[in-house]
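Heads up: the structure comes next, in structure tokens.
The values are calculated or read from the model by the stated rules, or taken from the named source; none is laboratory data. Bear in mind that the values here come from a model prediction, so they are computed numbers and not experimental data. With ideal geometry, Cβ positions are generated from the backbone for all residues, glycine too; neighbour counts draw on all protein chains shown. The accessibility values were calculated without ligands, DNA or RNA, using every heavy atom of the protein model including side chains. Shrake-Rupley method; radii C 1.70, N 1.55, O 1.52, S 1.80 Å.
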Amino acid sequence: MTANAHTFTVQTKGKGTYEITDEIERFVRKSGVTTGTATVFLQHTSASLVIYENADPTARTDLHRFFEQLVPEDSPDYIHTAEGPDDSTSHLRMVLTRSSETIPVVQGHLALGTWQGIFIFEHRRAPHHRTIVVSVIGS
Amino acid sequence: MTANAHTFTVQTKGKGTYEITDEIERFVRKSGVTTGTATVFLQHTSASLVIYENADPTARTDLHRFFEQLVPEDSPDYIHTAEGPDDSTSHLRMVLTRSSETIPVVQGHLALGTWQGIFIFEHRRAPHHRTIVVSVIGS
Amino acid sequence: MTANAHTFTVQTKGKGTYEITDEIERFVRKSGVTTGTATVFLQHTSASLVIYENADPTARTDLHRFFEQLVPEDSPDYIHTAEGPDDSTSHLRMVLTRSSETIPVVQGHLALGTWQGIFIFEHRRAPHHRTIVVSVIGS
């Protein structure tokens, strides 16, 4: 049994989804773990993680639009707006998705389904550096 | 310390929630782990996992109805609809719930609360085979 | 490699968010694990976990208000209301947030970002005892 940690950074271009599956799979292979888990953790409160359909880009277009409607930036209700209309709304979109995902490692690979990709979901309008920590535990 | 993985399939009958707590508890017992974690992972993007009230079925009726309203199938906004009005909406209902849950194992059992059950939340109208991977790590 | 479990209880005063980061960090340090994961699990279906902005309290005010609007208590649609208008709505607010979070442990500490705190999100009007199980696994 071993436990490894790996930290990496993704530069986003503002709102949208950015796939990080390959980077995580690479770290799993490098860890030498054949059976165990990979925990993906995003160290931010205005971006989040989603596991989402990664084949047809229209699925992600619908995702982006849905969150614009579910947590609208033009609502007069928010008071935490020091950094603009995407301040509180970024936190709320984050809290409706995920900060951590744990994916089984089977036969040395992430046990993802055929259509699953792991994405950073950026909620801020401006580009940001986003830091991801991956922990792989197993034997 | 050991790490085990177990894969099983559930046949759904279309939209609704399907409890899988017993299957996961059985695998935890079989693993021989007394202290650790059990990670439950669903390999799909049009179904999800929820931990939900498992005693009174009316709670789940409200859950099903709530998601029909929160992510309506009759919205003209979706463009990812090649497989029908339950295509993009299934992904969106998935992203608002979970792909993975990690539950502590204490004294050889899942440390669930009294009213907690683990469910597959099927978002497609048609029956589907759904694959779950469980990883148990601990000593 | 070791696996530890720790259970503790928080007394809430009814609806709102209650930070538990320090209690979890303390248990991580006590476990002696330097590289691994800490899984936080809440044993309830009418309260949930969120990782949220913990610096400016206005962010949490917006969170509380947003959930009152997203899952309104005065909707006539719910049938699971034996315990009042905060019965089904508590479950629905729970299912939109989290039951478990897994946070990497790096150099003996929770690898949280600068603005991230771990909170119990209480959805019931009345005060409740809430039980959290923490599992720390690693070396």
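Tabulated data for the structure shown
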item	result
Only Lys, Arg (+1) and Asp, Glu (-1) charged, at Cβ; the protein assembly as shown dipole about Cα centre in debye	1380 debye
Solvent accessible area, Å² - B:Ser31, 1.4 Å probe, full protein context	20 Å²
Estimated FRET transfer efficiency when R0 is 30 angstrom, pair B:Arg125-B:Phe8 (beta carbons, to 0.05)	0.80
Using distinct alpha-carbon pairs, which all enter the 1/r mean, Kirkwood radius of segment A:70-113 in Å	13.0 Å
Computed Rg/Rh of the protein assembly as shown, alpha carbon atoms with Kirkwood Rh	0.93
Accessible area in the full protein assembly, largest first, 1.4 Å probe, for C:His6, B:His91	C:His6, B:His91
Of C:Ile103, C:Pro76, C:Ala47, farthest towards positive along the dipole that unit charges on Lys, Arg, Asp, Glu beta carbons give segment C:24-131	C:Ile103
Cα gyration tensor of segment A:33-108 - equivalent ellipsoid semi-axes, whole Å, descending	31, 17, 7
Net charge contributed by nearby residues that have their C-beta within less than 15 Å of A:Asn4 (K/R +1, D/E -1)	+1
Inter-probe distance in nm under a simple model that places probes 7 Å from Cα toward Cβ, at B:Asp22 and A:Thr114	3.0 nm
Estimated [θ] at 222 nm from DSSP helical runs (n ≥ 4, -39500 (n - 2.57)) normalised by residues in the protein assembly as shown, nearest 500	-7000 deg cm²/dmol
Cross-link reach list, lysines versus B:Lys30, counting only Cα pairs under 23 Å and skipping chain neighbours closer than eight places	none
√(5λ) per eigenvalue of the Cα gyration tensor, chain C, largest first, Å	30, 16, 11
Taking chain A and dividing mean pair separation by its residue count, relative contact order in percent (alpha carbons under 8 Å, at least six apart)	56 percent
Rounded to whole Hz, the Karplus (6.51, -1.76, 1.60) HN-Hα couplings of segment B:115-129, x for glycine and proline	9, 8, x, 9, 10, 7, 10, 7, 9, 8, 5, 7, x, 9, 7
Proximal charge balance of B:Lys13 [Cβ under 13 Å; K/R count +1, D/E count -1]	+3
Student exercise, segment B:1-113 dipole from Lys, Arg, Asp, Glu Cβ charges, in Debye to nearest 20	540 debye
Local electrostatic count, B:Asp56, Cβ distance below 12 Å [Lys/Arg +1, Asp/Glu -1]	-3
Per DSSP, loop trypsin sites (Lys or Arg not before Pro) in segment B:66-125 with at most 16 further Cβ within 10 Å	B:Arg125
Those residues of segment A:86-102 whose amide nitrogen sits under 16 Å from the label point placed on C:Asp56, 7 Å along Cα→Cβ	A:86-94
Cα convex hull volume per residue for segment A:76-139 (Å³)	128 Å³
Segment A:38-110-segment C:1-67 distance, computed between alpha-carbon centres (Å)	20 Å
